[in-house]
Amino acid sequence: MGEMQRTCPCKRLYCPRHGNCAAYREHHHANGRKPLTCCEKLVQKEQRKARQQERKQAQEGIPL
């Protein structure tokens, strides 16, 4: 049906979609209350950290 993973970042171990990324994404995107999956949240968090670090480095480079 879809890609199965042994290491799923979702904390809901007993969810019938646990480890089945395609089914999990379909379920989350169909429901307006849960637009992002755990995988997507992790990627978004890493991107946000990278942007914050870039801003911090840019601020340190500008003399006051």
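Residue by residue, here is whether (1) surrounded by 12 or more Cβ atoms within 10 Å (Cβ to Cβ); (2) under 30 Å from R12 (Cα atoms); (3) modelled with pLDDT of 80 or more holds:
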position	(1), (2), (3)
A23	yes, yes, yes
E26	yes, yes, yes
H29	yes, yes, yes
R48	no, yes, yes
K56	no, no, yes
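Return the total of residues in region 23-39 being over 16 Å from T7 (Cβ atoms) and assigned to a helix (DSSP H, G or I). Residues flagged as over 16 Å from T7 (Cβ atoms) and assigned to a helix (DSSP H, G or I) within region 23-39 amount to 7.
The values are calculated or read from the model by the stated rules, or taken from the named source; none is laboratory data. Source: prediction; values computed, not measured. Quick reminder, even Gly has a Cβ in these numbers, built from the backbone with ideal geometry, and neighbours come from all protein chains shown.
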